[in-house]
Amino acid sequence: MTKMITEKPITLIGGYLGAGKTTFINRLLNSGGLPSRTAVLVNDFGDINVDEQLIRSGSKSDQVIGLANGCVCCSIADDLTSALEVLKSSAIERVLLECSGVAEPHRARVQCHYPGYYPHASVVLVDALNHQQRCKDKYVGTLVAAQVQQADLIVISKSALNPDFCLQTLQPTIDADDQDAMEVVLGWGSDANHGHSIPTNLAPSFFTQTWQSRLPVSLADLTQRLEDLPGSVQRVKGLVATDAGIIEVQRVGTDTQLTPWTQPPHTAQLGLVIIASAADDLASIDWAS
Amino acid sequence: MLTLYKARSVITMNESMPRATAVLVRDGMIVEVGEPEHMEPWLRHQEYVVEDQFVEKVICPGFIDPHLHPSMAAVLLPMEFITAMRWKLPWGEVEPVTDAEGFDRRMGALSTKKSVDEPLFIWGYHQLWHGPMSRARIEDIAGDKPTVVWHRSFHELYMNAAAMDMVGVVAAEIKPGMQIDIERGWFFEGGLGYAINRLNPWILAPDKYAAGLQRLKQVVHHGGHTTIGDLATGMFNFSAEAEALSQHLEGDDVPFRTRLVAHGTVLTKGGVPPQQGPELAEALLQRNSHRLHFGRHIKLFSDGAFFSQLAQLQEPGYIDGHHGEWLTTPEILEQHIRSYWHAGYQIHVHVTGDLGLQLTLDILQKMQEEKPRFNHGFTLEHFGFSTPEQIRQIQALGAQVSANVYYLHELSDSYTQNGIGYERASQMARLGSCFRAGINTTVHSDFTMAPAEPLNSMWVAVNRINHVGDVMGATEAITPQQALQAITLNAAHVIGMADITGSIRAGKRADFTVLDEDPLTCDPLDLRNINIYATVFEGKVFPLA
């Protein structure tokens, strides 16, 4: 009998120490929203509430496995590949992998090509309170900046403590405190930004598109375009040059906010990131001007 | 019963009496050093024998390698070596193989030597010397004998079809992007883990591992060591390793002792708070036996592997702009160091690049401000890249240096071309500066990163000649006297055993390395060719063929 080999997706949860990875994973574990047959591989058990999770799920197919940092050349049997090997033939259908705080997503991603798996998305948490300071750190500044650059989806944590925090990047960004944050993270696919679906049984999936205009648009036109967006668009975020100056656009669900950008214009990276739950809808947005 | 050792010369490494010709030993302990007539008062009323087989030889303090990895070595040593550099192994010297034809010739010879179904594991391949490797190339030579060719860095390997069948590589599972090139039989990075998981039944099989440890025992003896440091005990698994070590590295036939330094990250694995580390480390002392000793030492890690160019560098970094990596999150490293610092431990930190070193020194500075300590023995392990300014900091903070000086020999030329440029490559292992600053400095092999031959380390430290024959950073060379001190007394200080070994004086254990030539007066270029005649461990002679 031949068995179809189904590859299991791995979602990487990265970000520097203190960015809120553990809090986020604990919320996932305790939200009840974690699909069954999900294995959670944590960098070290640390503060993960393993027992609570096992009691809650009551299911043997959900597993939380602790990993220690390791390099194959220094430990022969590194924890990660051993865990992946064990899970390969299990009933597990997907893996959430917490990266070490010093991991670069693109290096961690390499590991997700382990036979039987594929990298689903690199999610990176960014701490609104300390990120800017940390980017200047002489030891980890480069690393922290690289983590953000290599992310498919950025999750901002602790924004309540620093409401003015704004990450100047044209990457899909959500807030850890958003009601649907878990849903977005779990449904995120790394090649979603190519506007096509990926072969996965995961629902819902999210798709993203970046829109940039070289010429200023009129504010009225921009408002109209935002209003006309299809219902599957969950978020729009970014900065747009208009006839009324640079405008910051923030839209979650149907709640749209347009605010004049008061900071120096040279720090502004212009463009909008649009996140939708239906790829077709995203493809139908034709904003070419 | 006393034993009187006579020699052409005894190099004591005791500054107060640098040379002698006789050593008197009772029950494994030195009771008198000097000229034969100085022994008289002891001999008047006690029985003694004269050990005169060394009268034409030179007795040195027993050599010490303060940083190697018996467990890693046990995995590697059962393999066959085909290397671009010379490796002197007890079962034969591995002559350098520096071209593709030579590699294939030797692979062919090894292949015919093995019985039909015995797999062939080769270690030491490097594309710079041996040309592109592939499954087809292996098959041209070794046919369908299962053959695995492991890269010198250990980070990639090649297998022929027979080896892939043997270990159960499923071609259908392998897809593009997995860092496995099934056509070439090439497994690297993420793909290497896949291969290793399947190779483990062969390379970690208990009988293989035991055979590997037996070979390690021979290697250590052959290098002239009477003491070594296992600088990451527990890297695979604490209890399995401790058990295997006590089975193979303890007993009357073992000619050396081992300082065991626990792998700090593994010790507190599983979410144990760093504050509990010292308590767990303390419990390891229960396992101590005569030759195997945990002490109040701990091993921690700063930046990435030197051989993989993952050392963290200060500006201007690597020529190609890539960055190194941290093995431990800097804040977590600080938590670990704090915990052991306050508990009074001697801390050994793996540092390879000058940024990794700077982080470690900044943490040490903080510790000194929190709780000043003297004679704390904080040791910087490997010490690849450094700056002259950091030498002053190391001195001011009271730290010591244990360097892998072999980096300079094997890598300074290629790192000049493809890495960091000439200036910094020529100043790897800045040992001359360390000695001038009065820093206690030793050298190690990190075996299997470098040959476990203290005389070879001494040769590199004194001559600073790289593998293409260029002298690199001549002012950082050290004298033969300093180099011999590095591999004896200074090494003993680094592993906390200077009270019992490292020099030849009354009161210390009778640990000697007996040489045919005098390493302090011979041509420095001949240092690595000096024949080791025998070692003496605690008064017992272990001859070397």
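The values are calculated or read from the model by the stated rules, or taken from the named source; none is laboratory data. No experiment lies behind these values; they were computed from the predicted model shown. Using ideal geometry, Cβ is built from the backbone for each residue, glycine included, and neighbour counts are taken over all protein chains shown. Side chains included, ligands, DNA and RNA excluded: accessible areas come from the protein's heavy atoms. Shrake-Rupley method; radii C 1.70, N 1.55, O 1.52, S 1.80 Å.
Under 5 Å between amide hydrogens, built in the peptide plane, is the criterion, and for residue B:227 it picks out B:65, B:257 among residues at least 5 positions away or on other chains. Once C-alpha pairs closer than 8 Å and six or more residues apart are averaged by separation and normalised to the residue number of region B:77-203, the relative contact order reads 19 percent.
Taking θ as phi - 60° and the Karplus parameters 6.51, -1.76 and 1.60, the scalar couplings of region B:61-67 work out to x, x, 5, 10, 9, x, 7 Hz in sequence order, x denoting glycine and proline.
Placing unit charges on each Cβ (+1 for Lys and Arg, -1 for Asp and Glu) gives region A:209-284 a dipole about its Cα centre, and among A:276, A:219, A:238 the Cα reaching farthest toward its positive end belongs to A:238. Using a Förster distance of 45 Å, how high is the FRET efficiency between residue A:169 and residue A:30, based on the Cβ-Cβ distance and rounded to 0.05? E(calc), rounded to 0.05, equals 0.90. FRET efficiency for the pair residue A:214 and residue A:280, taken as 1/(1 + (r/R0)^6) with r the Cβ-Cβ distance and R0 = 25 Å, rounds to 0.40. Working from label points 7 Å from Cα in the Cα-to-Cβ sense, the residue B:417 to residue B:243 distance is 4.8 nm.
Please give every one of the lysines within straight-line cross-link reach of residue A:8, meaning a C-alpha to C-alpha distance under 30 Å, and leave out same-chain neighbours fewer than 8 residues apart. In chain and number order, the partners are A:21, A:60, A:88, B:175, B:269.
Shape class of region B:325-404 from the Cα gyration tensor (axes a ≥ b ≥ c, square roots of the eigenvalues): oblate, since a/c reaches 1.5 or more and a/b does not exceed b/c.
Remind me, relative contact order of region B:415-545 in percent, using alpha carbon pairs under 8 angstrom and six or more residues apart? Relative CO of region B:415-545 lands at 20 percent. Per-residue shielding of A:135-147, expressed as the average number of other chain Cβ atoms within 10 Å of the residue Cβ, stands at 3.
Want the number for residue B:214 to residue B:37: 0.36 nm per residue separation, take away the alpha-carbon distance, what's left? Don't jump to the answer; show the numbers that get you there.
Working: separation 177, 0.36 × 177 = 63.72 nm, distance 4.18 nm.
Full-extension gain reported as 59.5 nm.
Of the peptides A:175-185, A:247-257, B:334-344, the ranking by mean beta-carbon count within 10 Å, highest at the top, reads B:334-344, A:175-185, A:247-257. Taking the C-alpha atoms only, the angle from helix B:238-248 to the longest principal axis of chain B is near 60 degrees. A Cβ-based charge dipole, computed about the Cα centre of region A:209-284 with Lys and Arg at +1 and Asp and Glu at -1, lands at about 240 debye.
Amide H to amide H, with H built 1.01 Å from N, residue B:420 comes under 5 Å of B:319, counting only residues 5 or more places away or on other chains.
Rounded to the nearest 10 degrees, the inclination of helix B:406-417 to the longest alpha-carbon principal axis of chain B is 40 degrees. Sequence neighbours fewer than 8 away in the same chain don't count; with that in mind, list the aspartates and glutamates whose C-alpha is under 12 Å from residue B:366. By straight Cα distance, residue B:366 reaches B:334.
Under the criterion of Cα pairs below 8 Å and six or more residues apart, the relative contact order for chain B equals 17 percent. The 3J(HN,Hα) values that the Karplus relation (6.51, -1.76, 1.60; θ = phi - 60°) gives for region B:439-456 are, in residue order, 7, 5, 10, 10, 10, 9, 9, 6, 2, 9, 5, 9, x, 7, 10, x, 5, 6 Hz. Gly and Pro appear as x. Please determine, in degrees from 0 to 90 and to the nearest 10, the orientation of helix B:206-222 with respect to the longest principal axis defined by the Cα atoms of chain B, where the helix direction is its Cα long axis. The answer is roughly 40 degrees. Averaged over the residues of peptide B:264-272, the number of Cβ atoms from other protein chains lying within 10 Å of each residue's Cβ is 4. Its Cα centre serving as origin, region B:1-149 has a Cβ charge dipole (Lys and Arg +1, Asp and Glu -1) of approximately 280 debye.
For residue B:540, the lysines whose Cα comes closer than 25 Å to its Cα, not counting residues fewer than 8 places off in the same chain, are B:6, B:57, B:88, B:217, B:508. Among B:145-156, B:207-218, the peptide with the highest mean count of other Cβ atoms within 10 Å heads the list, and the full ranking is B:145-156, B:207-218. Per residue of peptide B:305-313, the mean number of Cβ atoms on other chains within 10 Å of the residue Cβ is 1.
Computed packing ranks the peptides A:27-37, A:83-93 as A:83-93, A:27-37, most packed first, by mean other Cβ atoms within 10 Å. In region B:381-447, taking the dipole from charged Cβ atoms about the Cα centre, the farthest positive-side position among B:405, B:388, B:426 is held by B:388.
Proximity of backbone amide H atoms, modeled 1.01 Å from N, is registered between residue B:81 and B:123 at under 5 Å, excluding neighbours fewer than 5 places apart on the same chain. Farthest toward the positive end of the dipole of the protein assembly as shown, out of B:75, A:185, A:247, is the Cα of B:75, where the dipole comes from beta carbon charges about the Cα centre. What figure in square angstrom, to the nearest 10, would you give for the accessible area of residue B:116 with a 1.4 Å probe? Residue B:116 exposes around 120 Å² with every protein chain in place.
Summarising the label geometry, the points placed 7 Å from Cα in the beta-carbon direction at residue A:161 and residue B:171 lie 5.5 nm from one another.
What the phi angles of region B:156-163 give under the Karplus curve with 6.51, -1.76 and 1.60, with θ = phi - 60°, is a coupling list of 7, 8, 10, 9, 8, 4, 5, 5 Hz, glycine and proline written as x. Summing Cβ point charges (Lys, Arg +1; Asp, Glu -1) relative to the Cα centre of the protein assembly as shown gives a dipole of roughly 820 debye. Estimated translational diffusion coefficient (Stokes-Einstein, Kirkwood radius over Cα pairs, 4 °C, 1.567 mPa s) of chain B: 53 µm² per second.
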